[in-house]
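Worksheet for the structure shown next.
The values are calculated or read from the model by the stated rules, or taken from the named source; none is laboratory data. Treat the numbers as computed from the prediction; the structure is a model and nothing was measured. Note that each Cβ is placed from the backbone with ideal geometry, even for glycine, and that neighbours are counted across all protein chains shown. What goes into the accessible areas is simple: the full protein's heavy atoms, side chains included, and nothing from ligands, DNA or RNA. Shrake-Rupley method; radii C 1.70, N 1.55, O 1.52, S 1.80 Å.
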Amino acid sequence: MDITPIFELRSRLRAAMIVGTNLLAEDFRLKKATESFAALSGSSPVFAKINAMTEKLLSENSPECLLDTITLVDAVITTLGIAEVKGEIEPLPDNGCSAIIVNAPYSRLSAVINALISSGGGQYNTVTAAWKETPKIFNDYRVRPALVKGLGASYAELADTAADILKETGKDVIPLLKRDFDPKGKKEMVRRLNIIEELCGAEENDFYLEQLENAEKDVRKALIYLLRHDEKNIGKLIELVKTEKGKAKTAALAALVSFDCKQTEEFFAEYAKKKPVEVIDILHRASSDWTSRLAARLIGELLVDDKGNKITLSQAAETSKVRLKAKTDFWAFNSALWGKYGEDIENIYREFRCEKNTPIAVGMDMRLEETILATNDEGLKALAMELNNAPETKGIYAGAEAAARFLSKEDSTDWLVKQITEEYTERKKSKQMLDNSGILKILRKIFFKDGKYYLTNACYDPINDKWLINEPRGILQPLKGAVSDALMNCSCWEYARILGDWIDENDKEYCQKLGNYFSTLSSTIISIGFLLGYIAKCGIANIKGILVRECKIHTSGTTATVRWLTTNLPGSKEYRLTEVRELIELLRSGKLVMKNVDIEALSAWAESGMN
């Protein structure tokens, strides 16, 4: 049914209110609108009443009748729920990605959009809260362009969050990232490239080459480094090494060294003859047979002091005693060892000597451990076990040996338990944290996913200015049982956090064991937020007395703190209410004193159903 006549009638009635009822008899437009509306009078009783009222109005010219008629017409239009908008229907704007409309209040959408495109405080919290509570909002076609603009936010955390959200949306966002791309831009354009790289890699090689033609500064460096995803770019990269300078040239070299082929091996064999230090500096993220041989050779050639005498890597580490002839240092050699393997590399580790628990020792252990995780090389795994137990290097390569054992089929449970217990005992005696211990660092790299435990490692890439995650390695050692028991027997913050990451929600027996353990801990050992989260994840609920126990520890807590604790207790609402009532009784009796808690306000909150 065409209801346009009722809108035309309202328009003429409003005009009549302006000019007055004396001229109604001469208003031919109102008469025409009344005649058009008469056709609708039989469709409903209310339309019939409006028709009768307009006829009466035209015959009597009464101001009261005009007011009654227009009031009824307005009421009917309101109930129809239709808005009258002039203009032609147009399609949704093409913003470069799929036109998805999310069914969400515009107030929420506009708050997120403004947070992404505006400056000032509070914007980061608005975006992160929306991402946590209503992530579907970020699929809306109105929000996605704002996300891309958010990549240029002056607040780095906000820009990084926008990047993370865009990565989660998948390849649909690629056209939007490529639209209006400015190869002469700044950090925002680099972030766009990082997202495109992560989602597409070599698929967008033509785009990288096209933008490179006019690119400048950091964008140029980023585009050059992206060429490492396609071997077809080797010739182009060799050309860029000859024409570029500074960071752009370094990016070209770093991209080239990642290719495991004869062409790049021959190129670097020649290039290293003239600029060996430059090559050492870009070997830190390469792992192949030829880069391993090249690294071993260059380290040997560059180990010469300022007097021309051959020295060892151990001597090069003693910077207060020895100065190298070349403009490099021990840490450059150490970085170049990443990802390298083979007999010549193994001999470099074997010949190295240093004191235990020094930065040098930590650096060598870390490099061998990371390389084992990156390559899973059997020779290096055997080397780690050999060196960490040899008299001259005993205990220096604990992290590397732990990595090797976790990736070995041979049962190392006894060794792992011994390491955990001894390190905890030693650190407790010296009243030191466990942060720098070799075994702890490797335990922290274990994570649980899809029913299995894995070891992974993150390495810093200075070209990209970000951390890169190596391929996870499946753990072959049993963690549930003696190893977990050893961690539980050594109650400390570090070990409790590790156990929290090892929770297998599908193993009810293991969860019960861990849940009971977490339930006995107080927040003097582990943060209460983590503690409650671990307990809930284990499926343990309704633990009697935990709220009172925590409040006795944290007597300086406020009313808000107690409410937060109560709300986050794992269990039923009835249980939480019982817990807070017990606490209130102790506070009122004076048996427990919390000066910053308003007892009456807390009681009112509890009795309102904790709402």
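Using each residue's phi in the range 417-428, evaluate 6.51 cos²θ - 1.76 cosθ + 1.60 at θ = phi - 60° and report the 3J(HN,Hα) Karplus result to the nearest Hz, with x for Gly and Pro.
Ordered by residue, 3J(HN,Hα) equals 4, 5, 5, 4, 5, 5, 5, 5, 4, 5, 5, 5 Hz.
At a 10 angstrom cut-off on C-beta neighbours, averaged per residue, how do the peptides 590-602, 198-210 rank from highest to lowest?
Output ranking for 590-602, 198-210: 198-210, 590-602.
Show me the ranking of peptides 264-270, 227-233 by mean Cβ neighbours inside 10 Å, starting with the highest.
Most protected by this proxy first, the peptides run 227-233, 264-270.
Using all Cα-Cα distances in the range 104-205, what percent lands in each 10 angstrom bin from 0 up to the longest?
16, 51, 28, 5, 0
Run through every distinct alpha carbon pair of the range 345-460 and return the Kirkwood hydrodynamic radius in angstroms, one decimal place.
Hydrodynamic radius (Kirkwood, Cα only) of the range 345-460 equals 14.6 Å.
In what order, largest first, do Trp493, Trp467, Trp331, Trp605 sit by accessible area if the probe radius is 1.4 Å?
Per-residue accessible area, sorted high to low, gives Trp467, Trp331, Trp493, Trp605.
Give the calculated FRET efficiency between Asp68 and Ser608 to the nearest 0.05, with a Förster radius of 41 Å applied to their Cβ-Cβ distance.
The value I calculate is 0.30.
Lys452 to Lys273: extension gain in nm, 0.36 nm per residue of separation minus the Cα-Cα distance?
Full-extension gain reported as 59.7 nm.
When only C-alpha pairs under 8 Å and at least 6 residues apart count, what is the relative contact order of the chain, in percent?
So the answer I get is 5 percent.
For Tyr155, what accessible area in Å² do you get when you roll a 1.4 Å probe over the heavy atoms of the protein chains, rounding to the nearest 10?
110 Å²
Can you give the direction-averaged projected area of the convex hull of the alpha-carbon atoms in the range 351-406, in nm²?
3.3 nm²
If I ignore ligands, DNA and RNA and count only protein heavy atoms, how much of Lys552 is accessible to a 1.4 Å probe, in Å² to the nearest 10?
Around 120 Å² of this residue is reachable by solvent.
Give the accessible area for Trp338 in Å² (nearest 10); use a 1.4 Å probe, count only protein heavy atoms, and leave out ligands, DNA and RNA.
Roll a 1.4 Å probe over it and Trp338 shows about 20 Å².
List the equivalent ellipsoid semi-axes of the range 406-546 in whole Å, largest first, each obtained as the square root of 5λ for an eigenvalue λ of the Cα gyration tensor.
Taking √(5λ) for each eigenvalue gives 25, 19, 17 Å, largest first.
Estimate the FRET efficiency between Lys31 and Asp180 by the formula 1/(1 + (r/R0)^6), using the beta-carbon distance for r and 60 Å for R0, to the nearest 0.05.
Calculated transfer efficiency: 0.60.
Can you count the Lys pairs in the range 445-589 with C-alpha separation below 26 Å, eight or more apart or on different chains?
29
So what is the orientation-averaged projected area of the range 240-399, using the convex hull of its C-alpha atoms, in nm²?
So the Cα hull casts an average projection of 9.6 nm².
May I have the count of lysine pairs in the range 337-415 with C-alpha atoms under 22 Å apart, counting pairs 8 or more residues apart or located on different chains?
Going through the range 337-415 pair by pair, I get 5.
Using a Förster distance of 45 Å, how high is the FRET efficiency between Asn542 and Thr78, based on the Cβ-Cβ distance and rounded to 0.05?
0.30
From the phi angles alone, apply the Karplus equation (6.51, -1.76, 1.60; θ = phi - 60°) to the range 602-611 and give each ³J(HN,Hα) in whole Hz, x where the residue is Gly or Pro.
So the Karplus estimates, Gly and Pro as x, are 5, 5, 4, 5, 5, 6, 7, x, 6, 9 Hz.
Among Ala48, Leu380, Leu487, whose Cα lies farthest out toward the positive end of the dipole of the chain, if unit charges sit on the beta carbon of Lys, Arg (+1) and Asp, Glu (-1)?
Of the candidates, Leu487 comes out farthest on the positive side.
Could you tell me how far the Cα centroid of the range 444-519 sits from the Cα centroid of the range 218-240, in Å?
With the range 218-240 and the range 444-519 each reduced to a Cα centre, they are spaced 38 Å.
So, in nm, how far is label Leu209 from label Thr358 when the simple model puts each one 7 Å beyond its Cα toward the Cβ?
Spacing of the two 7 Å Cα→Cβ label points: 5.1 nm.
Over the residues of the range 221-273, compute the C-alpha Rg and express it relative to 2.2 N^0.38 Å.
Relative to the 2.2 N^0.38 Å estimate, the range 221-273 comes out at 1.00.
With all protein chains present and a 1.4 Å probe, how do Arg179, Arg12 order by accessible area, largest first?
Descending order: Arg179, Arg12.
Describe numerically, in nm with one decimal, the distance between label points set 7 Å from Cα along Cα→Cβ at Lys327 and at Asp289.
Using points 7 Å along Cα→Cβ, the separation is 3.6 nm.
Give me the extension gain from Lys242 to Ile3: residue separation times 0.36 nm, minus the current Cα-Cα distance, reported in nm with one decimal.
78.6 nm
Going from most exposed to least, what order do Glu343, Glu318, Glu369 have by accessible area with a 1.4 Å probe?
The ordering from most to least exposed comes out as Glu343, Glu318, Glu369.
Expected output is a single nm value to one decimal: the length gained when fully extending between Thr558 and Glu168, i.e. 0.36 nm times separation in residues minus the C-alpha distance. What is it?
Full extension of this stretch gives 136.6 nm more.
Could you please state how large a percent of the accessible area of the chain is carbon and sulfur, counting protein chains only and using a 1.4 Å probe?
Solvent-exposed carbon and sulfur of the chain make up 50 percent of the total.
Ratio to report: Rg/Rh of the chain, with Cα atoms as the point set and Rh obtained by the Kirkwood method; give two decimals.
1.15
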